[in-house]
Amino acid sequence: MPLEARDSRFIDWRTASRAGIAYTLVVFVFAFAVGVIRVTLIAPRLGALLAVILEGPIVLAVSWRVSGWCNRHFKVSCDPHARVLMGVVAFSVLMLLELGVSVVAFGETLEHYFAKYASTPGVVGLAMQGGFATIPWVQCRMRSQAAPK
């Protein structure tokens, strides 16, 4: 059935999910590299909180670009539901990747991993991750508001 003939409430969940996964993988690789710089060079000099505050806008700016590219490449509908789904998938994959890397690669316990979110830098980081997840929806919203009426 052609896309145009489908119910307007139809969401191509596979497309949105694939875009969300790709979005996460590209941003995760970039953020991992920036995180290494944050932890090894910036945090020891400026403190963990300031280091996270400095890292956040850089990663979010890259996230904005990557989200836009993924939306175009995967042809994700500008339907808000599709974009929310993309963000939810992206956030879920991101959190699983972070948990996996923390526990498997760095040998952290689950307790230590979750305890980091109780610190101020952890809360700021989590807010940035929430921002990352909302970018696909925000881009759709901005596009729909900018469209001539």
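The values are calculated or read from the model by the stated rules, or taken from the named source; none is laboratory data. Bear in mind that the values here come from a model prediction, so they are computed numbers and not experimental data. Here Cβ is always computed from backbone atoms with ideal geometry, including for glycine, and neighbour counts include all displayed protein chains. Side chains included, ligands, DNA and RNA excluded: accessible areas come from the protein's heavy atoms. Shrake-Rupley method; radii C 1.70, N 1.55, O 1.52, S 1.80 Å.
Worth pointing out:
- When PRO80, PRO57, PRO44, PRO121 are checked against the criterion of being open to solvent by 80 Å² or more (accessible area, probe 1.4 Å) and either over 25 Å from THR15 (Cβ atoms) or in contact with a Cys (Cβ under 7 Å, 6 or more places away or on another chain) (or both), a single residue qualifies: PRO44.
- Only one of the numbered conditions (1) open to solvent by less than 40 Å² (accessible area, probe 1.4 Å); (2) in contact with a Cys (Cβ under 9 Å, 6 or more places away or on another chain) is violated by ALA51, and that is (2).
- Any chance GLU55 is farther than 22 Å from VAL138 by Cβ, charged (D, E, K, R) and part of a helix (DSSP H, G or I): no
- Answer from GLN145, GLN139 - the residue that is open to solvent by less than 50 Å² (accessible area, probe 1.4 Å) and in a helix (DSSP H, G or I): GLN139
- Within the stretch 5-38, being modelled with pLDDT under 95 and of a type in the set (Gly, Ala, Ser) holds for ALA5, SER8.
- Residues that are at pLDDT 95 or above and in contact with a Pro (Cβ under 9 Å, 6 or more places away or on another chain) within the stretch 114-149 comprise MET128, TRP137, listed in sequence order.
- With respect to the conditions (1) in a loop (DSSP other than H, G, I, E, B); (2) small (Gly, Ala, Ser); (3) surrounded by fewer than 16 Cβ atoms within 10 Å (Cβ to Cβ), SER92 falls short on a single one, namely (1).
- Residues satisfying the stated conditions in the stretch 55-85, i.e. touching a Phe, Trp or Tyr at 6+ places or on another chain (Cβ under 7 Å) and more than 26 Å from ALA43 (Cβ to Cβ): SER67, CYS70, PRO80, ARG83, VAL84, LEU85
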